[in-house]
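Notes follow once the structure below has been shown.
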Amino acid sequence: MAQVQEFETLVRNYQNMVFSVAARIVGSVADAEDITQEVFIKAYDRFADLQQSQSIGGWLKTVATNLSINHLNRYRARWRFFSEQENEPELAAPVEKPDDRRELLELAIHKLPDAQRVPLVLFHFQDLSYDEIAAKLGISLAKVKTDIHRGRETLRKLIGNRHE
Amino acid sequence: MNDHDWLDEELRNLPDLTPPTNLLPDIMKRVEERASQPIWTRFWREHWTLIRNSSLGLSMALLILLFWLSPVRLLSSVVALSPALSPIFRVTAEILDIAVTILNSGRVFETPLWLVVLAVTAASYGTCIVAASTVQRLAATKS
């Protein structure tokens, strides 16, 4: 039972990070919850090894990223997931006006289409290089650069006018 | 400060999200369920890849050994060691020996029977994989 208590401490320490990784990649709180649970169940199965490891955080982040990408690949048609999107995303969609600036940015990230949000999150939050993102998502380097650029443009359009 | 710098700064300073309050209890509930399972169930679950690969390797090794060694000769030494079990070993050895003889000598359209059996087994396995994959893909597309 002591092991379970130690594991609970680990969950408390890392749940925000794991949930954030999943939520930002899949863009859905409900799916992110499921993925976070799966990540920690996997961690529990390997808890003995992880306790010896110096990089539990890195391991959890990698597993959360991989499970989130697998989730998107599995539940959304691939052609739609990373297809070239000629149409601009719906910028005129009603954006709630939260007081908090960070909340606004978070909301804007969630509103990005998958094709832009996933590479952008991997680049800015997971610190992966363009090459690593291309390999992880199975798309070309040029597409990664284009999608991240478009994602940033979209973010600036969504929140740029509030930027002082 | 230009837009790119500003956006980079904002993204860099974005804090982690706060998960719903039910997340921790949900995780711990599942963990406690797993912790209360019998040790052999946990071993099976935690090392199932190792078990699967070991079983596959062992099966292949046994199959190969079956063709290279005579089961009767192989088991006769065991029979000698444990007379009480001799009828069981003797029957098993005879059955295996007959199987090896049939596989080696039988031919289907000039092709050795063991090769035909191997091909049919591989084809069945492949068909099962393709069928399961197709069903999963259809279910995912539908959902």
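From the list A:4, A:18, exactly one residue is at the interface with another protein chain (Cβ under 9 Å from one of its Cβ atoms), touching a Phe, Trp or Tyr at 6+ places or on another chain (Cβ under 9 Å) and under 15 Å from residue B:23 (Cβ atoms). Which is it? Step through it out loud before you land on a result.
On the way: A:4 fails: under 15 Å from residue B:23 (Cβ atoms).
Unique residue meeting the criteria: A:18.
Would you check if there is a residue in segment B:122-143 being part of a helix (DSSP H, G or I), among the aromatic types (Phe, Trp, Tyr) and in contact (Cβ under 8 Å) with a residue 24 or more places away in the chain?
Just the residues of segment B:122-143 that are part of a helix (DSSP H, G or I), to begin with: B:122-142.
From the residues that got through so far, the ones that are among the aromatic types (Phe, Trp, Tyr) too are B:125.
From what is left, the residues that are in contact (Cβ under 8 Å) with a residue 24 or more places away in the chain are none.
No: segment B:122-143 contains no residue that is part of a helix (DSSP H, G or I), among the aromatic types (Phe, Trp, Tyr) and in contact (Cβ under 8 Å) with a residue 24 or more places away in the chain.
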Task: Which numbered condition residue B:21 fails, given (1) at the interface with chain A (Cβ under 8 Å from one of its Cβ atoms); (2) of a type in the set (Val, Ile, Thr); (3) open to solvent by 40 Å² or more (accessible area, probe 1.4 Å) - done: (1)
TODO: Write out, first by first residue and then by second, each pair whose Cβ atoms fall under 9 Å of each other, whose residues are 6+ apart or on separate chains, and whose first residue, in segment B:32-53, is more than 25 Å from residue A:8 (Cβ to Cβ) and more than 10 Å from chain A (Cβ to nearest Cβ) while the second is open to solvent by less than 100 Å² (accessible area, probe 1.4 Å) and hydroxyl-bearing (Ser, Thr, Tyr).
DONE: none
Task: Residues located in segment B:1-48, provided they are within 30 Å of residue A:149 (Cα to Cα) and either in a loop (DSSP other than H, G, I, E, B) or in contact with an Asp or Glu (Cβ under 6 Å, 6 or more places away or on another chain) (or both) - done: B:1, B:2, B:13, B:14, B:15, B:16, B:17, B:18, B:19
TODO: Filter segment A:24-47 for residues that are within 9 Å of chain B (Cβ to nearest Cβ) and free of Cβ contacts under 8 Å to residues at least 12 places away in the same chain and give the result.
DONE: A:29, A:37, A:41, A:45, A:46
Task: Qualifying residues in segment A:112-153 (those that are of a type outside the set (Asp, Glu) and within 11 Å of chain B (Cβ to nearest Cβ)) - the one surrounded by the fewest Cβ atoms within 10 Å (Cβ to Cβ) - done: A:149
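The values are calculated or read from the model by the stated rules, or taken from the named source; none is laboratory data. Not measured: the values here are computed from a predicted model. Positions of Cβ are generated from backbone atoms using ideal geometry, with glycine treated the same way; all protein chains shown enter the neighbour counts. Note: accessible area is taken over every heavy atom of the protein model, side chains too, but ligands, DNA and RNA are not part of it. Shrake-Rupley method; radii C 1.70, N 1.55, O 1.52, S 1.80 Å.
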